[in-house]
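Q: My questions will all concern the structure given below.
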Amino acid sequence: MNIEMIADKIMELKRIEAIAKEERAMLEEQLAKEISDRVEGTASLTAGAYKVTVTSKLTRTLDYPAYQAIEADIPEGVRCVKLEPKLDLKKLRAMDAVRPGFSAAFITTKPARPSVKVELVEA
């Protein structure tokens, strides 16, 4: 197969995948409504050969400046915000440029799956 044929096949599969994903999402939503009305938590049901588990979650977003304003009023043992180290990739690259290999002492690097983008170009 040449590149155009492969790209054509990828585009067709992406179209089929999008339709299947949309249909699956609709069916999952229907199934979830049949099994559970919980806002948060897990419910299970066995139907014939299938065990269906519905896990409902709430998305919570932190308003950090608002939290900081009242943090002193929250007892130490129940403070619900934790700060975790996060890698600054721009600074890591700069550091590696200055000190090649230095970051290998504390960074594990492995290849990720390559990203492939295929677009239809209008002629």
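Values quoted throughout were computed directly from the atomic coordinates according to the rules given, and no laboratory measurement underlies them. No experiment lies behind these values; they were computed from the predicted model shown.
Q: Work out from phi, with θ = phi - 60° and the Karplus expression 6.51 cos²θ - 1.76 cosθ + 1.60, the ³J(HN,Hα) of each residue of the range 59-76, listed in order in whole Hz, and give x for Gly and Pro.
A: 3J(HN,Hα) across the range 59-76, in whole Hz: 8, 10, 10, 8, 9, 4, x, 5, 5, 4, 5, 10, 3, 4, 7, 9, x, 3.
Q: So what is the relative contact order of the range 3-102, in percent, for Cα pairs below 8 Å that sit 6 or more residues apart?
A: The value is 12 percent.
Q: Expressed in whole Å with the largest first, what are the equivalent ellipsoid semi-axes of the chain derived from the C-alpha gyration tensor as the square root of 5 times each eigenvalue?
A: Semi-axes (√(5λ), whole Å): 38, 36, 15.
Q: How many lysine pairs are close in the chain, with Cα atoms under 17 Å apart and the two 8 or more places apart or on different chains?
A: 4
Q: Continuing with the same structure: Per DSSP H run of n ≥ 4, the term is -39500 (n - 2.57); total these for the chain, divide by its residue number, and report the mean residue ellipticity at 222 nm rounded to 500 deg cm²/dmol.
A: Mean residue ellipticity, 222 nm, calculated: -13500 deg cm²/dmol.
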